[in-house]
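Encoded as structure tokens, the structure appears first; notes follow it.
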Amino acid sequence: MKTIEISQKLRKQLEKELKPDRFDHTMGVAYTAANLAFAHGADVEKALIAGFLHDCAKSMSHDEQIKICEKNNIDITEVERKNHSLLHAKVGMYLARTKYDVDDPEILGAIRWHTTGKKDMSLLEKIVYIADFIEPNRKMLENMTEIRKEAYTDLDRCLAHILHDSVVYLKTIGKECDDATMNAYEYYKEFYNNK
């Protein structure tokens, strides 16, 4: 099956499965990821598929996500047990593989790391992580205009900027930061410090 057919099929499936606002966000991420892939020489079709599927587990309850992880021996950190907005990336990767028949490791990695990031991310992982943050349906956060410009000129600086702002925000509200996010922040902060 050609990627365009896969994309159309995924779009129709997800429109049925996701709430309207989640579907709008998903479309925004998919098309932003495809644009970023085009701008940075990555595989546009893989970016589109990863964007479509990045939140495929988001409409499941936290308890359902934990059950899937426990049943399938997917590690859950304590932070993920407490924070319902993190676990959907791991469950999404599992669903992409088992429900949507995606076996491409690049696409699966982009889905897996789109929420926390990690150190030494692949090009596609960076693109989907950034697309999730900057897509047009996102509310305008502080620095969003600058971050959106960086997304098309310097992915590492953009990634470092988002990670910096995220870590500062989590500290401000007293929320625990996932280890993967802290590792990504430490790894990429030099790109932010050197701006």
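Show the residue pairs meeting these rules: Cβ distance below 6 Å; 6+ apart or different chains; first residue within the stretch 149-166 and more than 11 Å from Tyr187 (Cα to Cα); second residue part of a helix (DSSP H, G or I) and among the small types (Gly, Ala, Ser).
These pairs meet every condition: Tyr152/Ala39; Cys158/Ala151.
Please work out which one of (1) surrounded by fewer than 17 Cβ atoms within 10 Å (Cβ to Cβ); (2) farther than 23 Å from Leu159 by Cα; (3) over 18 Å from the mean Cα position of the chain (by Cα); (4) not hydroxyl-bearing (Ser, Thr, Tyr) is the condition Asp21 fails and give its number.
(3)
Identify, please: which residue in the stretch 65-106 is among the hydrophobic types (A, V, I, L, M, F, W, C), within 25 Å of His164 (Cα to Cα) and buried (at least 17 other Cβ atoms within 10 Å of the Cβ) and is, among those, nearest to the chain's Cα centre (by Cα)?
Among those that are among the hydrophobic types (A, V, I, L, M, F, W, C), within 25 Å of His164 (Cα to Cα) and buried (at least 17 other Cβ atoms within 10 Å of the Cβ), it is Ala89.
Check Leu53 against each of (1) touching a Phe, Trp or Tyr at 6+ places or on another chain (Cβ under 7 Å); (2) surrounded by fewer than 20 Cβ atoms within 10 Å (Cβ to Cβ) and name the one condition it does not meet.
In the conditions (1) touching a Phe, Trp or Tyr at 6+ places or on another chain (Cβ under 7 Å); (2) surrounded by fewer than 20 Cβ atoms within 10 Å (Cβ to Cβ), Leu53 misses (2) alone.
In this structure, is Val167 surrounded by fewer than 21 Cβ atoms within 10 Å (Cβ to Cβ) and closer than 21 Å to Ala89 by Cα?
Judged against the criteria, Val167 is a match.
In contact with a helix residue (DSSP H, G or I) (Cβ under 9 Å, 6 or more places away or on another chain) and either under 17 Å from Ala39 (Cβ atoms) or in a loop (DSSP other than H, G, I, E, B) (or both): does that describe Tyr188?
no
I want to confirm something. Restricting to the stretch 130-148 and keeping residues that are of a type in the set (S, T, N, Q) and touching a residue at least 12 places away in the same chain (Cβ under 8 Å), which single residue is nearest to Asp21 (Cα to Cα)?
The qualifying residue nearest to Asp21 (Cα to Cα) is Asn137.
Quick one: which helices (runs of 4 or more DSSP H) sit completely within the stretch 1-76 and have at least 2 residues that are over 23 Å from Ala180 (Cα atoms) and of a type in the set (S, T, N, Q)?
The helices (runs of 4 or more DSSP H) meeting that bar are 3-17, 20-40.
Please enumerate the residues belonging to the stretch 106-145 that are acidic (Asp, Glu), part of a helix (DSSP H, G or I) and more than 19 Å from Gly28 (Cβ to Cβ).
Glu106
Looking for whichever is on the phi > 0 side of the Ramachandran plot and within 10 Å of the chain's Cα centre (by Cα) here; the options are Gly41, Gly109, Gly117, Gly51. Which one fits?
Gly117
Among the residues of the stretch 88-98, are any more than 21 Å from Tyr129 (Cα to Cα) and at pLDDT 95 or above?
The answer is yes; a qualifying residue exists.
The values are calculated or read from the model by the stated rules, or taken from the named source; none is laboratory data. What you see is a predicted model; the values in this text were computed from it and never measured. Cβ: placed from backbone, ideal geometry, glycine included. Neighbour counts: every protein chain shown.
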